[in-house]
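Comments concern the structure below.
The values are calculated or read from the model by the stated rules, or taken from the named source; none is laboratory data. These figures come from a predicted structure and were not determined experimentally. No Cβ is skipped: glycine too gets one built from the backbone with ideal geometry, and neighbour counts run over all protein chains shown. Each accessible area value is taken on the protein alone, full model and side chains, heavy atoms only, with ligands, DNA and RNA left out. Shrake-Rupley method; radii C 1.70, N 1.55, O 1.52, S 1.80 Å.
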Amino acid sequence: MFRRERSIPLRGSAAALCNNLSVLQLPARNLTHFGVVHGPSAQLLSAAPEGVSLAQRQLHAKEGAGVSPPLITQVHWCVLPFRVLLVLTSHRGIQMYESDGSVMVYWHALDSGDASPVQAVFARGIAASGHYICVGTWSGRVLVFDIPAKGPNIVLSEELAGHQTPVTDIASEPAQGQDCVVDMVTADDSGLLCVWRSGPEFTLLIRIPGFGVPCPSVQLWQGIIAAGYANGQVRLYEATTGTLHVQINAHARAICALDLAPEMGKLLSAAEDTFVHIWKLSRSPESGYIEVEHCHGECVFDTQVCGARFCDPSGNSFAVTGYDLAEILRFSSV
């Protein structure tokens, strides 16, 4: 069971974007950072465990060519082996900051040369894989940035061509040292999933076909791909083979966010039907098949949920954002 805790007030509200919440826990300082996007700005908050907001900062999308301010599409903390960077994506480009948002260390402008005049240009989908940060784009390409241990000497090392439609989300998990390990998965507007092995050169291992429905959010845990779709389904695939193991009709409307608590194998799904569900993933010792157990369902009344994340690696607490909602809702296990 989970209970509602003290909410964290926002100066603005959350935009109606999928995956519109990022969480970074700092156990050593007993703090949690939250990031939320609204229009041309991203709001960063630091909160104590009891939900008291201690600091707030606003970041704005870097101006480029054009008359209107660019809209931010996502904010996400990337935890690398040696540093943590905050990444903003927008309709103009990609901005990387030190983890507290105080210093911008890198700016990459999007090249709209390939886009037609009526096509929206944007970046969306952010994940860290080893010492790389991967960012999806409107063209379906995934940009791979090589991140140094310190300093601003960030290099665009590779562009991955696996998708034909805009990338929606990217998920990764640390490599476990196996030769053929799967450590990254990318999703797009057609529902196609591309499974990758990272390294000095990223390798496309398999494609998992879509079925005409966008896949707004994806997660990867111990060789299991969890994909949330716009028809409300959550599908669990074997990462190495692409085999579909489980299909859950989890929600009545489009899923807007998935998250995983890696220590316990808990999966969080949130959707536009106002519900947040928590599932427990495991593998059968006998067959090796993926098994799912429903643990909790929470209705966030009169709210179009747009972001949801666990606040700790055990999945004992989570936070939710909603469109036009001027607060971050917090829940913790009883």
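Protein heavy-atom surface of the chain, 1.4 angstrom probe: 51% of the accessible area is carbon and sulfur, with nucleic acids and ligands not counted.
Distance between the pseudo-spin-label points of Ala120 and Glu263 (7 Å out from Cα toward the beta carbon): 3.8 nm. Between Pro209, Pro27, Pro285, the GNM of the chain built on Cα springs shorter than 10 angstrom shows Pro285 fluctuating the most. The simple spin-label model puts a point 7 Å past each Cα toward its Cβ; for Ser314 and Leu80 those points are separated by 3.1 nm.
Please work out the FRET efficiency for the pair Arg207 and Ala149, using the Cβ-Cβ distance as r and a Förster radius of 45 Å; give the result to the nearest 0.05. Calculated value: 0.85.
Largest GNM mean-square fluctuation across His245, His33, His131, computed for the chain with C-alpha springs under 10 Å, falls on His245.
Structural descriptor for the chain: relative contact order 15 percent, calculated from alpha carbon pairs under 8 angstrom and at least 6 residues apart.
In this simple spin-label model, placing a label point 7 Å from the Cα along the Cα-to-Cβ direction at both Leu156 and Thr241 gives a separation of 3.9 nm.
Using the Cβ-Cβ distance between Asp324 and Gln56 with R0 set to 22 Å, the FRET efficiency from 1/(1 + (r/R0)^6) comes to roughly 0.70. Accessible surface calculations at 1.4 Å, restricted to protein heavy atoms, place the stretch 196-265 at 40 Å² per residue.
Compute the separation of the alpha-carbon centres of the stretch 68-131 and the stretch 191-252 and state it in Å as a whole number. Each part reduced to its Cα centre gives a spacing of 23 Å.
Using a Gaussian network model of the chain in which every pair of alpha carbons under 10 angstrom is joined by a spring, one finds that among Gln233, Gln58, Gln119 the greatest mean-square fluctuation is at Gln119. You can think of it this way: the chain between Met104 and Ala16 has 29.1 nm of extra reach, that is 0.36 nm per residue less the Cα-Cα gap. Counting Cα-Cα pairs of the chain in 20 Å increments starting at 0 gives whole-percent bin shares of 33, 61, 5, 0. Remark: relative contact order (the stretch 9-168) = 13 percent; criterion is Cα-Cα distance under 8 angstrom and separation of 6 or more residues. Of interest is the spacing of the C-alpha centroids, which for the stretch 266-334 and the stretch 1-65 amounts to 18 Å.
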